[in-house]
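Peer 1: I have a structure I would like to understand better, so I am pasting it below and will then ask my questions one at a time.
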Amino acid sequence: MAGKNGTGSSKERSPEAVAPRRIVLDVDTGHDDAVAIMMAAAAPELSLDMITVTAGNQTLPKTLNNTLNLCDDLGIDVPVYAGATGPLMRELVTAARIHGESGFDGPVFKPRKKQAEKGHAVNALIEYLMDALPGSTTIIALGPLTNIALAMKLEPAISTRIGELILMGGAIGRGNVTPSAEFNIHADPEAAKIVFGSGAAVTMIGLDVTTKILLDEQKMIDVRLIRGRASEIFVDSMDNYMTACRNYLGEYPAMHDPSCVAYVIEPELFRLGEYHVDIECSGEVTSGRTVVDIKGVSGKPKNARVAVDVLPDLFWPLLERTIRRWTYLGKR
Ligand code: RIB
Ligand code: CA
């Protein structure tokens with residue numbers, strides 16, 4: 001076979017081994033959070049170092065329980081920390097109508113051994129980021145940004161130590177919990193304002209792209225055919241998620257949180273632009289809106305990369321790979 005430079009030299013340079021990218025997930029598990037955890041834990045490109053949990057889709061005891069059940073069941077041996085019990089300045093409004101009374105209705109889990117680590121998620125985040133080489137870690141935030149904002153306020157130095165802060169949240173266009181606002185931002189807009197104003201390298205994966213990655217009946221069949229426990233958890237949970245989304249939103253369920261993990265694994269699936277983003281915190285009908293200055297009319301500095309388009313068809317092979325890796329490799 002010709003060598004890399006086409007000379008036919010026998011000394012093929014083996015591609016340098018690329019170290020897995022170190023990541024932390026901040027979750028409010030939640031059906032789509034669970035898929036994101038399965039995808040991140042099974043990806044050979046990633047090293048899932050820690051999971052921090054916040055209230056959001058359901059109350060913290062429930063989102064923590066869901067996260068621990070999933071990790072225990074699949075053998076995801078990653079430290080899990082309990083975090084914020086609610087937003088910085090508002091009452092918690094959950095998404096129980098979508099995610100159910102448990103926050104993860106559908107799958108049945110055996111009594112679990114896995115427990116949360118001692119200590120608060122915010123302190124764990126700070127310790128992790130202060131110990132790691134600056135820029136060497138990626139935070140993927142998949143719920144309200146309360147834990148992230150609290151950590152930034154407690155130790156401002158972490159903002160510029162995070163290599164990339166990828167967050168599922170917001171929208172250039174319409175919201176999903178109000179006409180203006182997406183759930184994660186709407187739940188805690190003050191936290192979002194802190195995060196977008198922190199100077200951290202923020203990448204916003206919003207509804208503009210996540211609502212293009214919709215789970216339909218054929219994709220459910222494709223995953224069901226793979227079989228195995230991960231397939232069972234996916235199908236049992238997505239059956240519930242699909243019913244709720246179709247009943248209350250009139251649409252197929254979007255892969256909101258898994259989109260962020262897909263972005264980390266294959267960023268070329270997404271097209272992004274750099275813009276100034278601010279958060280509306282006081283509007284009577286616009287609270288929680290991510291105001292993305294596409295035309296630069298504010299003259300304010302660009303503080304975030306925002307996903308503006310995605311190749312949805314290229315997401316599904318990543319999901320199927322995830323389920324296959326769980327089934328045939330028992331994780332990685
Ligand atoms: O708006 C979608 C987001 O809200 C997702 O993160 C989902 O899990 C819910 O938290
Ligand atoms: Ca979530």
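The values are calculated or read from the model by the stated rules, or taken from the named source; none is laboratory data. Given the structure is predicted, the values throughout are model-derived calculations rather than measurements. In this analysis, Cβ positions are derived from the backbone assuming ideal geometry, glycine residues included, and neighbour counts consider all displayed protein chains. Calculation scope for accessible area: heavy atoms of the full protein, side chains included, ligands and nucleic acids excluded. Shrake-Rupley method; radii C 1.70, N 1.55, O 1.52, S 1.80 Å.
Peer 1: Please enumerate the residues belonging to the range 91-107 that are open to solvent by less than 30 Å² (accessible area, probe 1.4 Å), assigned to a loop (DSSP other than H, G, I, E, B) and either without any contact (Cβ under 8 Å) to a residue 60 or more places away in the chain or of a type in the set (A, V, I, L, M) (or both).
Peer 2: The answer is Ala95, and nothing else.
One line per residue, one yes/no per condition, for (1) open to solvent by 10 Å² or more (accessible area, probe 1.4 Å); (2) within 16 Å of ligand 1 (Cβ to nearest atom); (3) not in a loop (DSSP other than H, G, I, E, B); (4) not basic (Lys, Arg):
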{"residue": "Met242", "(1), (2), (3), (4)": "yes, yes, yes, yes"}
{"residue": "Cys245", "(1), (2), (3), (4)": "no, yes, yes, yes"}
{"residue": "Gly250", "(1), (2), (3), (4)": "yes, yes, no, yes"}
{"residue": "Ser259", "(1), (2), (3), (4)": "no, yes, yes, yes"}
{"residue": "Tyr275", "(1), (2), (3), (4)": "yes, no, yes, yes"}
{"residue": "Cys281", "(1), (2), (3), (4)": "yes, no, no, yes"}
{"residue": "Val285", "(1), (2), (3), (4)": "yes, no, no, yes"}
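Peer 1: Looking at the range 228-252, which of its residues are closer than 22 Å to Leu329 by Cβ and among the aromatic types (Phe, Trp, Tyr)?
Peer 2: Phe234
Peer 1: Separate question: Just checking, how many residues over the range 150-187 are within 16 Å of ligand 2 (Cβ to nearest atom) and of a type in the set (A, V, I, L, M, F, W, C)?
Peer 2: Qualifying residue count, the range 150-187: 10.
Peer 1: Open to solvent by 40 Å² or more (accessible area, probe 1.4 Å) and either within 16 Å of ligand 2 (Cβ to nearest atom) or part of a helix (DSSP H, G or I) (or both), is that true of Lys113?
Peer 2: no
Peer 1: Hey, another quick one. If you take the residues of the range 212-231 that are farther than 14 Å from Met255 by Cβ and part of a loop (DSSP other than H, G, I, E, B), which of them is most open to solvent (accessible area, probe 1.4 Å)?
Peer 2: Across the range 212-231, the extreme among qualifying residues is Arg227.
Peer 1: Scan the range 158-211 for residues that are of a type in the set (S, T, N, Q) and either in a loop (DSSP other than H, G, I, E, B) or open to solvent by 30 Å² or more (accessible area, probe 1.4 Å) (or both) and jot them down.
Peer 2: Matches in the range 158-211: Thr160, Asn176, Thr178, Ser180, Ser198, Thr211.
Peer 1: Moving to a separate point now. Looking at Thr85, Thr67, Thr138, which one is within 20 Å of Ile194 (Cα to Cα) and buried (at least 16 other Cβ atoms within 10 Å of the Cβ)?
Peer 2: From the options Thr85, Thr67, Thr138, the qualifying one is Thr138.
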